[in-house]
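The values are calculated or read from the model by the stated rules, or taken from the named source; none is laboratory data. Since the model is a prediction, treat every value here as computed from it, not as a measurement. In this analysis, Cβ positions are derived from the backbone assuming ideal geometry, glycine residues included, and neighbour counts consider all displayed protein chains.
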Amino acid sequence: MAAAEVDEVNEQAVREMLFSAAQAVERDADLIAGEIADVLMREVPEISHDAETREDILLRGRAGLLSWARAFLRGVAPDEVESPSEAYAYARALARRGVPLDVLLRIHRLALGVLLQAWEERLGSQHSAERLLAATRRSIEVNFQFHDALMEGLSAEYQRERERWVRGAEALRRETINAILAEQAVETDGASSILGYDLRRHHLGLVIWARPTPEDPHVIPRLERAAAAAGAHLQASRPLMMPVDGSTLWAWVGRATEPPRELLDSLAAVPNADRVSIALGAPGHGVTGFRRTHRDAADTAKVALASRRRAGSVIPFHAVELAALLAGDPERTRRFVHERLGALARDDDESGRLRATLMLYLEENASRVATARRIGVHPNTVANRIRTCRELLGRDVGKDQVPLLVALTLAATLGPAVLRSQSDD
């Protein structure tokens, strides 16, 4: 027999072996689907281990096996096989659940491994080693072509559904957050479900911002990292985040208990390495607290921006509460500081040192010794500074102490925003 005739006989034999294997896969689809279910439930932790899930895998696995086997028997090319609707429905379901795409790909790789083994077992052992090897190679080639075509279609469907779902879910989350902040009535459990965030907990609101740079024009990922890091530091649940614009993010972190002030201060003590600034609200509980802590954080952010805090600062509300309450009208606040502090309202190092000493002196009930101990200087130095303050104010520092302390606090908190620059003199 000529070599060409031998090749033709072998090729025909291989085709018959593949055809027979496809018929066997069609016949044993239920059995093979069960083997797929066993492997997936054992190897994929994202899959639930319950009877309902197993039944769903069996149905989808059987549909996929029958679709492929019957297409092969009809002579349909792998890239032209129409995937069963069950496969697309499952891809969309995973996308809506937020399960990563690589989980979908791993599921189908494992299923392909089961199919290849089942296919090879059904090729038959009565053929020569040469023909069996040729049929095995062809099986792998054909099944991988089918798998690649399937994955291309399912990946595209997953991405489309994920984009639709994210857009819709994000819009609903924004609508819900805005309704709460606008003091509209919301059903707590329903809103919590929409937000993926428990509104019945203790909340801490954050306003987070940073400037884009030519090297890093996309700021939001930096803000999200900062929010996640703050949540971890506060031993809180995963933050709820809502970008406001390209450089600002609103966030909330929830805890079962109110975060202690010491924990907030420890967060504020460490500047953000990414030069991301964070304003913290006062902790609040429930829906009302969710709204209130955000408003506090927003007021804190206004103070931080007005006082030109350095990038990367973390500012808790309690550190600027008085300024936040009184600085609603910037021009009026500035005038108040100038009127109460007079020549002490200059924005220079010496005036700043005098103001800091005077504020501690008033807090220590005019005790030079206690003030000196807090500053770390000699009591005579305190006396000299207070004398200078009295001269610059043009009055006794013991007169109208409350307005004077308020003005000193505003100056310490808001800095250049309320002080007189050299160009003003």
Subject >> Failed item, numbered, when Arg96 is tested on (1) modelled with pLDDT of 80 or more; (2) closer than 24 Å to Arg162 by Cβ >> reply: (1)
Subject >> Odd one out for Ile386, checked against (1) hydrophobic (A, V, I, L, M, F, W, C); (2) surrounded by fewer than 17 Cβ atoms within 10 Å (Cβ to Cβ); (3) in a helix (DSSP H, G or I) >> reply: (2)
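Going by what's in this entry, would Ser139 be described as over 19 Å from Leu240 (Cα atoms) and in contact with a Phe, Trp or Tyr (Cβ under 9 Å, 6 or more places away or on another chain)? Full working, then the answer.
Details: over 19 Å from Leu240 (Cα atoms): yes; in contact with a Phe, Trp or Tyr (Cβ under 9 Å, 6 or more places away or on another chain): yes.
The answer is yes for Ser139.
Go through region 37-55 and give me each residue that's among the acidic types (Asp, Glu), in contact (Cβ under 8 Å) with a residue 12 or more places away in the chain and in a helix (DSSP H, G or I).
First, the residues of region 37-55 that are among the acidic types (Asp, Glu): 38, 43, 46, 50, 52, 55.
If we keep only those that are in contact (Cβ under 8 Å) with a residue 12 or more places away in the chain as well, we get 43, 46.
Hit for region 37-55 is Glu43, nothing else.
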Original post:
Where residues in region 85-113 are basic (Lys, Arg) and surrounded by fewer than 14 Cβ atoms within 10 Å (Cβ to Cβ), which of them is farthest from the chain's Cα centre (by Cα)?
Top reply: Arg109
Original post:
Got a sec? Which of Leu362, Leu392 is hydrophobic (A, V, I, L, M, F, W, C), in contact with a helix residue (DSSP H, G or I) (Cβ under 8 Å, 6 or more places away or on another chain) and closer than 29 Å to Arg310 by Cα?
Top reply: Leu362
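Which residue is nearest to Asp299 (Cα to Cα), if the candidates are limited to region 366-383 and must be of a type in the set (A, V, I, L, M, F, W, C) and surrounded by 12 or more Cβ atoms within 10 Å (Cβ to Cβ)?
Keep residues of region 366-383 that are of a type in the set (A, V, I, L, M, F, W, C), which gives 366, 369-370, 372, 375, 377, 382-383.
Going one step further and asking which of them are surrounded by 12 or more Cβ atoms within 10 Å (Cβ to Cβ), we end up with 366, 370, 372, 375, 377, 382-383.
On the way: Ala366: 32, Ala370: 33, Ala372: 34, Ile375: 30, Val377: 36, Val382: 34, Ala383: 37 Å.
Per the criteria, the residue is Ile375.
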**OP:** For region 397-408, enumerate the residues that are surrounded by 15 or more Cβ atoms within 10 Å (Cβ to Cβ) and either farther than 14 Å from Tyr361 by Cβ or out of contact with any Leu (no Cβ under 9 Å at 6 or more places or on another chain) (or both).
**Re:** Val406, Ala407
Original post:
Which members of region 155-171 meet the condition of being more than 21 Å from Ala87 (Cα to Cα) and loosely packed, with under 13 Cβ neighbours inside 10 Å?
Top reply: Arg167, Gly168, Glu170, Ala171
**OP:** Scan region 371-425 residue by residue and report those that are among the hydroxyl-bearing types (Ser, Thr, Tyr) and within 42 Å of the chain's Cα centre (by Cα).
**Re:** Thr409, Thr413, Ser421
Subject >> Selection within region 45-57 - closer than 24 Å to Ala156 by Cα and either in contact with a Gly (Cβ under 9 Å, 6 or more places away or on another chain) or buried (at least 16 other Cβ atoms within 10 Å of the Cβ) (or both) >> reply: Ile47, Asp56, Ile57
Original post:
Would you say Val99 is touching a residue at least 40 places away in the same chain (Cβ under 8 Å), assigned to a loop (DSSP other than H, G, I, E, B) and touching a helix residue (DSSP H, G or I) at 6+ places or on another chain (Cβ under 9 Å)?
Top reply: yes
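Could you say which residue among Asp265, Asp296 is surrounded by 17 or more Cβ atoms within 10 Å (Cβ to Cβ) and either of a type in the set (D, E, K, R) or at pLDDT below 85 (or both)?
Working: Asp265 fails: surrounded by 17 or more Cβ atoms within 10 Å (Cβ to Cβ).
Of the residues listed, the single one that is surrounded by 17 or more Cβ atoms within 10 Å (Cβ to Cβ) and either of a type in the set (D, E, K, R) or at pLDDT below 85 (or both) is Asp296.
Among the listed residues Leu116, Leu133, which satisfies the condition of being farther than 24 Å from Leu58 by Cβ, in the same structural domain as Asp28 (by TED's automatic domain parsing) and surrounded by fewer than 17 Cβ atoms within 10 Å (Cβ to Cβ)?
Values: Leu116 fails: farther than 24 Å from Leu58 by Cβ.
Result: Leu133 is the single residue among Leu116, Leu133 that is farther than 24 Å from Leu58 by Cβ, in the same structural domain as Asp28 (by TED's automatic domain parsing) and surrounded by fewer than 17 Cβ atoms within 10 Å (Cβ to Cβ).
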**OP:** Could you check, for region 226-237, whether at least one of its residues is in the same structural domain as Pro316 (by TED's automatic domain parsing) and in a strand (DSSP E or B)?
**Re:** no
**OP:** Check whether at least one residue in region 174-188 is under 23 Å from Arg97 (Cβ atoms), aliphatic (A, V, I, L, M) and part of a helix (DSSP H, G or I), and report yes or no.
**Re:** yes
